[in-house]
Each structure stands twice: as C-alpha cells, then as structure tokens.
Amino acid sequence: MHSPASESAFLALYRAWGRVGLSAIHPAGAVVTLILIGVGASGCSLSRTDAFAKLDDTDVTGSISLTRVNTAMPTDSDLAFARNAASDVLTKGDKDSSQPWENPQTGARGSVTPLAQAYAGEDGKTCRDFLASYVNGATETWLQGAACKAGQGRWQIQSMKPWSKS
C-alpha cells in the first residue's frame with residue numbers, strides 16, 4: 001500500500017490542484033471567465049450596407065482596360081438582309097427555329113428568331129414578334145421587330161428597332 005508520507009504528499013498535491021483552474025475562482029468570476037472565453041472563441045460579424053463599393057458604368061478599375069463599344073446601327077443594306085431572313089423564318093413557321101443572315105458587302109451578320117406564338121394584329125392580320133442579332137466586327141446588338149402576314153403567305157416586316165429590355 002501507500003506510506004503515510006506519500007499519502008500526505010498526495011493530499012497536499014490534490015489541495016494545490018483544487019486552487020488552480022476554474023474551481024479556484026468564485027462562481028461570479030467563473031461566469032465572467034466563461035463569457036469571455038466564449039466571445040473570444042466565437043468570432044464576430046458586422047454588417048454594414050454602406051461598407052461595400054458601389055460602382056456604376058462610368059467607374060473604371062485597374063484590372064481590365066477600358067474599351068468603348070461602338071453601338072453603330074445597321075446599315076440599310078444590313079437591314080434588308082435581316083428582313084429577308086425574318087420573312088423566311090416566319091414563313092417556314094417552324095417552332096424554335098432561327099434563320100441566319102449575312103451581308104457580304106459589309107461583313108455584318110446575325111440571325112432572326114421568332115418569339116412566342118402568332119397573334120391577331122390591329123387590322124386582323126396574323127402577326128408575330130421576332131428578335132434579330134446584328135454582329136459587325138466586335139460589335140453585337142439586338143433588334144426587336146414585328147411582322148404580319150401579307151398576301152400569298154409572305155410576312156411583311158412592320159417594325160425593326162433596337163431591342164430594349166422591358
């Protein structure tokens with residue numbers, strides 16, 4: 001077994017250990033200590049709505065060089081090719097079809113895609129909306145248009161203008 005000297009040394013060590021750590025702190029001190037440990041270990045979060053950068057189209061950053069895009073409108077000859085493509089794709093009447101077009105004189109190209117279903121126009125004619133892309137060099141724009149059926153089943157373009165998201 002243990003000798004009395006080793007037992008008294010063991011009890012003295014046990015009593016000293018009791019005075020170390022949280023058991024040596026009074027209950028109020030223990031609560032404060034636990035709160036401080038919890039806050040320190042949990043991290044913090046702060047949300048500010050005005051802390052983020054708000055950029056608009058005129059702001060320039062240093063990561064990408066500023067390039068102005070020329071949004072030139074299609075020429076009359078480009079529009080003639082786009083109108084022919086629109087008339088062709090609408091005459092076919094295929095669902096989910098597109099018709100490419102290209103003007104060999106200017107190098108402009110694009111495609112025409114019918115939108116939604118046909119509807120009755122103001123004068124009772126069958127009409128349909130379409131969207132046309134216009135690509136000339138590095139410039140790409142979109143045109144929206146409407147066409148109505150004319151005589152002999154052909155479609156006549158009523159309007160074609162720059163597309164505006166609405």
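Which net charge results for the neighbourhood of Gln158, defined as the other residues with beta-carbon distances under 15 angstrom from its beta-carbon, given Lys and Arg at +1 and Asp and Glu at -1?
Once all neighbours under 15 Å are counted, the net charge is +3.
Check Gln158: other-chain or 5+ apart residues with amide H under 5 Å from its amide H, H built from backbone geometry?
Amide H neighbours of Gln158: Ala146, Ala147, Cys148.
Can you compute 3J(HN,Hα) from phi for each residue in segment 117-125, using the Karplus curve 6.51 cos²θ - 1.76 cosθ + 1.60 with θ = phi - 60°, rounded to whole Hz and x for Gly and Pro?
After applying 6.51 cos²θ - 1.76 cosθ + 1.60, I find 9, 5, 9, 7, x, 4, 9, x, 6 Hz.
If packing is taken as the mean number of other Cβ atoms within 10 Å per residue, what is the order of 76-89, 151-164, 120-133, highest first?
Highest-to-lowest ranking by the protection proxy: 76-89, 120-133, 151-164.
For Tyr119, what charge total do you get from the other residues with a beta carbon under 9 Å from its beta carbon, if Lys and Arg give +1 and Asp and Glu give -1?
Charge balance near Tyr119 sits at 0.
Please give me the summed charge of the neighbours of Thr106: other residues whose Cβ is under 14 Å from its Cβ, Lys and Arg +1, Asp and Glu -1.
-2
A short reminder: the numbers here are calculations on the coordinates, not readings from a lab. All values derive from a computational prediction rather than experimental measurement. Counting neighbours? That spans all protein chains shown, and the Cβs are built from the backbone with ideal geometry, glycine included.
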